[in-house]
Amino acid sequence: MSSGSGKGKTILFGEHFVVYGLPALAAGIASETTAKITRVRSFGWKLVDDRPAMPGYKEKKYEEQKVSIDKMLEHLNIDVTKTGFQIDLGGDLVCASGIGASAASCVAIARALSEEYSLGLDDEQINETAYIGEMGYHGTPSGIDNTASTYGGLIWYVRDLSGGTPKFEKLKLGKSANLVIASTGLTASTKVVVGDVAKKKEADPDWFDSVSEKYVQLVNAAREALIGLKFNKVGELMNKNHTLLQELTVSCKELDNLVDIARDNGAIGAKMTGTGRGGNIIALAPDEPTTKKIAEALKKGRAAGVWTTTFGL
Ligand code: MEV
């Protein structure tokens, strides 16, 4: 029996824009998915998925998950006509759109397979394998989710559009920042939402370029503000990033509602995170008491799940 784990993540800045080679900032969170591989006598693989999840999440993702696992096995040259095993998924990461759940499971499975089949994969190869796995969930992943899940921490990530190795940098802040994460309870298909943005870009390239230009200024300012520990500025930029995501039509009324509740209850900034059209929001809080206040207000405001975490150290 072998095991592995992968961290959940939130995208602080840059979901969707990152697909087009623009920089993004993501933070790994403490919650993680674990995978256990146990060999069985029969051939092929079987999945027992005990991850905590938003209602409907696992059912909606199951077909993509099967493709994802097969892709990783093929990439690792594990021939399931000659071997058989059971994958048990667990851990404390509550699966919801926007928290990097698919990437965390890919990383966890890749690590467990590496151990079970003595492949000796290092983090770079685990990340590469998880990227292949992410392709099962949508055809054109930027790679930010699997990178954040493999390495954890705060990362600055730029996809190489010609298919080369992405650039990523780990950032360490001198201080940790408080984050509240809240779920709408709705699960969106990343493939569909990313595809819709691609169609909008194709239909009106000038519009997309002008939104992208605003975004690039914003993310560069966000990086500077984070490194300078100017969290008020970071929050203001998160609010602006949310507006740009609304322009891309990837937000929805449920996300906007949670963002408003967080802002009305003391968040320095709040935005949707990840794919959108459901999934999660993140809110930056100035201190612990306000973190609690925002979390309580979101619970009262019928968020389907609310978690608090920190990032930066
Ligand atoms: C999904 O967590 C983030 C997206 O930008 C897609 C991707 O980066 O592959 C929407």
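The values are calculated or read from the model by the stated rules, or taken from the named source; none is laboratory data. What you see is a predicted model, and the numbers here were worked out from it, not measured in a lab. Neighbour counts run over all protein chains shown; Cβ positions are idealised from the backbone, glycine included. These accessible areas exclude ligands, DNA and RNA; they are computed on the full protein's heavy atoms, side chains included. Shrake-Rupley method; radii C 1.70, N 1.55, O 1.52, S 1.80 Å.
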If you roll a 1.4 Å probe over the chain with all protein chains in place, what percent of the accessible area is carbon or sulfur?
50
Rolling a 1.4 angstrom probe over the protein heavy atoms, how many square angstrom per residue are accessible across the stretch 15-81?
49
Top to bottom by accessible area (1.4 Å), largest first, where do 209, 123 land?
209, 123
Classify the stretch 115-198 as rounded, prolate or oblate from the Cα gyration tensor: take a ≥ b ≥ c as the square roots of its eigenvalues, call it rounded if a/c is under 1.5, otherwise prolate when a/b beats b/c and oblate if not.
rounded
Using amide H atoms built in the peptide plane, which far-off residues or other-chain residues are under 5 Å from residue 30 H to H?
310
Determine the shape class of the stretch 164-284: with a ≥ b ≥ c the square roots of the Cα gyration tensor eigenvalues, call it rounded for a/c under 1.5, and otherwise prolate if a/b is greater than b/c, oblate otherwise.
oblate
³J(HN,Hα) computed for each position of the stretch 183-188 - Karplus, 6.51 cos²θ - 1.76 cosθ + 1.60, integer Hz, glycine/proline x
9, 6, x, 8, 10, 10
Scoring only Lys, Arg, Asp and Glu (+1, +1, -1, -1) among other residues with Cβ under 13 Å from the Cβ of residue 38 yields +1
Long-range amide H partners of residue 274 with built H, under 5 Å
11, 15
Placing each pseudo-label 7 Å from Cα in the direction of the beta carbon, residue 78 and residue 123 end up separated by a distance in nanometres of 2.2
Want the number for residue 247 to residue 206: 0.36 nm per residue separation, take away the alpha-carbon distance, what's left?
13.4 nm
The stretch 236-277 - accessible surface per residue (Å², probe 1.4 Å)
34
Using a cut-off of under 20 Å, list every residue of the stretch 22-37 whose amide N is near the label point 7 Å from the Cα of residue 224 along the Cα-to-beta-carbon line.
22-26
Starting from the Cα of residue 293, draw a straight line to each of the lysines and keep only those under 30 Å, dropping any in the same chain fewer than 8 residues away.
7, 9, 172, 175, 230, 233, 240, 253, 271
Zone residues, the stretch 149-176, relative to residue 3, backbone N less than 18 Å from point 7 Å out along Cα-to-Cβ
none
